Structures are given as C-alpha cells and as structure tokens.
Amino acid sequence: MRGYLIAGNWKMNGSKAANAKLTREILAGWADTASVRLLVCPPYPYLGILAETLSGTPVALGAQNVSQHASGAYTGEVSPGMLKDMACEFVIVGHSERRALMGESSDIVAEKFAAAISAGLRPILCVGETLEEREQDRTEAVIDEQLDAVLDRAGIEAFDSAVIAYEPVWAIGTGRTASPQQAQDVHRHIRSRLAARNAEIAEATQILYGGSVKGDNAAGLFTMPDIDGGLIGGASLKAGDFLAIAAAAASLG
Ligand code: PGA
C-alpha cells in the first residue's frame, strides 16, 4: 500500500507572515486521511518556525536541499544532521534547478542522497529530462543515469525510506504538464529499473510526478497506476490550490 504523498516545494518564496498564513490555511482545510500525506518544504530559515507550527499535525516538514558533508568548514551549507535536528522528515535532492543552476552532478546528488539516508532523513530524489533530451528520444537514458548514480552509491535498500520525483524539466513552472500517459510511461520505467535490483522495494517505493501539477490536472495524473502523488511548486504557494491537489489524491485513495 503505497498511498499518496503531496509535497509542496516552496522554492525561494515566502516570508514569516506569508508562511504563517499559508500553513494556517492548509491545516484548517486538511483532514488527516490514511491514504494521503501532505508535506511542505520551505526555505531553510523558516524550518524552525514551521517545525513548531506543524508539530503534532498531519503535515510533514522537509527541506529543499542538503549538504553531502556531515559538518565542518563548508560556509553556507546545511548538514543532514541539522535538518534532522530541526524535525525535518524529508529532504529534496537533485531538483533540476539545482542540477542546472548550481551545477549539481548526478555524483553529487548521490552523495547528498546517501548522506541524507545516513542521518535518518527521507530523501526525495528528483530525476527528469530536458525538452531537448526528450526530443532526441533520450528520456530513459537520462533517467537511468540519474537513478543509477544513486542506486550504485546508496543501494536499493535506501529506497525503503526514499521517494522519487519524476519531473520533466520542460514541465517545471511552464504550465506545460506531461500527459498522464507520458508520465505513467516514465514512472513505470523507473519502477522497473528499481525492480531489477529488488522487486519488493520497487513495488513499495512512492514515485511522485512534478511539473505544473494543478487542481484540474492532478486527478488525471494520480489515477495512473505508478503515480503516487506530486511534487508541487507554484500551486503549493496558495492553500486553495495545494488543497485541491490533495483532495484529488484523497478522492482516489
Ligand atoms: P511547478 O514546480 O509545479 O511550479 O512546475 C514543480 C517543481 O519544480 O518541483
């Protein structure tokens, strides 16, 4: 029983006041359900406040990035142990914006993933192809490279607690979503790649879709057999939009 995970990636948005309002509205509009979990990933400075606000509620807390190092002279970085200390359950690793804008290679992403697992965090590993790669029919090859780097380093057992997010780069923040079938095809491929190492873990791993998920396209995506929720950017910044996506999952759960 995989259930749905609806994760809000707030990216570099928000303020103390805006976050408080958003969180208050999400909590007011959400009734805990067995089949759907909600998660929010605010920017680092707000983790402490959010940890307090969300404590004892059905909404989980995660970070958007993490260092691959445990401690030491890494100015500006935040370690997995610190995130754990701040009550984070999840951390996003390898988001395409970090791969593209911060130069994170698949090897670095794999190190971050392994470090997160070691600290007891649940990483959400993002994978996805660019438009050019899709047009060159290289989608599966790109996903395999991103996935195998992590599997080779951390082992399939790490996916006992990890989550994968398939996010086609061309669908992120563009308003252009993969069709449910396009997404399902890649999700199935990812699951079979995991299954080649361990069928049981592959079957239990949640694979989220991300890229312009909205209230009106969520149900179509979530109804597909290998799509277990969403990693939501823009639509996670408005409680009504985020809750509509969560409600779509709950109606299928
Ligand atoms: P989007 O972002 O929902 O705004 O497309 C998704 C993401 O980058 O995680």
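The values are calculated or read from the model by the stated rules, or taken from the named source; none is laboratory data. Here the structure is a predicted model, which is why all the values come from computation and not from measurement. Glycine gets a Cβ as well: all are built from the backbone with ideal geometry, and neighbour counts include every protein chain shown. Please note that ligands, DNA and RNA were not included when accessible areas were found on the heavy atoms of the full protein model with its side chains. Shrake-Rupley method; radii C 1.70, N 1.55, O 1.52, S 1.80 Å.
Matching residues to (1) in contact with a helix residue (DSSP H, G or I) (Cβ under 6 Å, 6 or more places away or on another chain); (2) modelled with pLDDT under 95; (3) at positive phi:
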residue	(1), (2), (3)
ASP137	no, no, yes
LEU147	yes, no, no
ALA158	yes, no, no
ALA165	no, no, no
GLN181	no, no, no
LEU194	yes, no, no
LYS214	yes, no, no
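Hey, does region 194-204 have a residue that's part of a helix (DSSP H, G or I), open to solvent by 10 Å² or more (accessible area, probe 1.4 Å), more than 15 Å from the ligand (Cβ to nearest atom) and of a type in the set (D, E, K, R)?
Just the residues of region 194-204 that are part of a helix (DSSP H, G or I), to begin with: 194-195, 199-204.
Those still in the list that are open to solvent by 10 Å² or more (accessible area, probe 1.4 Å) too: 195, 199-201, 203-204.
Add one more test, that the residue is more than 15 Å from the ligand (Cβ to nearest atom), and what stays is 195, 199-201, 203-204.
Filter once more, keeping what is of a type in the set (D, E, K, R): 200, 203.
Yes, region 194-204 has at least one match.
Among the numbered criteria (1) more than 16 Å from HIS189 (Cα to Cα); (2) buried (at least 21 other Cβ atoms within 10 Å of the Cβ), which single criterion is violated by GLN136?
(2)
Give me the residue from region 113-133 that is within 16 Å of the ligand (Cβ to nearest atom) and under 19 Å from THR174 (Cβ atoms) and, out of that set, farthest from the chain's Cα centre (by Cα). I'd like the intermediate steps shown before the answer.
Kept after step one, since they are within 16 Å of the ligand (Cβ to nearest atom), are these residues of region 113-133: 123-131.
Next cut, under 19 Å from THR174 (Cβ atoms) only: 126-131.
Values: CYS126: 6, VAL127: 10, GLY128: 12, GLU129: 16, THR130: 18, LEU131: 20 Å.
Out of the qualifying residues, it is LEU131.
Residue check: is ALA70 modelled with pLDDT of 95 or more and open to solvent by 70 Å² or more (accessible area, probe 1.4 Å)? Talk me through it step by step, then tell me what you get.
Numbers: modelled with pLDDT of 95 or more: yes; open to solvent by 70 Å² or more (accessible area, probe 1.4 Å): yes.
Considered against the rule, which asks whether it is modelled with pLDDT of 95 or more and open to solvent by 70 Å² or more (accessible area, probe 1.4 Å), ALA70 comes out as yes.
Working only within region 186-212, note down all residues that are in contact (Cβ under 8 Å) with a residue 60 or more places away in the chain and under 14 Å from the mean Cα position of the chain (by Cα).
Listed by number, the residues that qualify are THR205, GLN206, LEU208, GLY210, GLY211.
Looking at region 3-34, which of its residues are at pLDDT 95 or above and in a loop (DSSP other than H, G, I, E, B)?
Step one: of region 3-34, the residues at pLDDT 95 or above are 3-30.
Passing the criteria: GLY3, TRP10, LYS11, MET12, ASN13, GLY14, SER15, TRP30.
Looking at the structure I just gave you, is GLU157 out of contact with any strand residue (DSSP E or B) (no Cβ under 8 Å at 6 or more places or on another chain), more than 21 Å from ASN9 (Cβ to Cβ) and open to solvent by 50 Å² or more (accessible area, probe 1.4 Å)? Talk me through it step by step, then tell me what you get.
Working: out of contact with any strand residue (DSSP E or B) (no Cβ under 8 Å at 6 or more places or on another chain): yes; more than 21 Å from ASN9 (Cβ to Cβ): yes; open to solvent by 50 Å² or more (accessible area, probe 1.4 Å): yes.
For GLU157, the condition - out of contact with any strand residue (DSSP E or B) (no Cβ under 8 Å at 6 or more places or on another chain), more than 21 Å from ASN9 (Cβ to Cβ) and open to solvent by 50 Å² or more (accessible area, probe 1.4 Å) - is met.
Can you tell me which residues in region 70-98 are part of a helix (DSSP H, G or I) and within 16 Å of the ligand (Cβ to nearest atom)? Talk me through it step by step, then tell me what you get.
Of region 70-98, the ones part of a helix (DSSP H, G or I) are 80-85, 96-98.
Scanning region 70-98 gives SER96, GLU97, ARG98.
Can you find, within region 163-193, the residue that is nearest to the ligand (Cβ to nearest atom) among those that are of a type in the set (A, V, I, L, M, F, W, C) and in a loop (DSSP other than H, G, I, E, B)? Please lay out each step first, then the result.
If we filter region 163-193 for residues that are of a type in the set (A, V, I, L, M, F, W, C), which is where we start, we get 163-165, 169-172, 178, 183, 186, 190.
If we keep only those that are in a loop (DSSP other than H, G, I, E, B) as well, we get 172, 178.
Working: ILE172: 4, ALA178: 11 Å.
Once the filter is applied, the top-ranked residue is ILE172.
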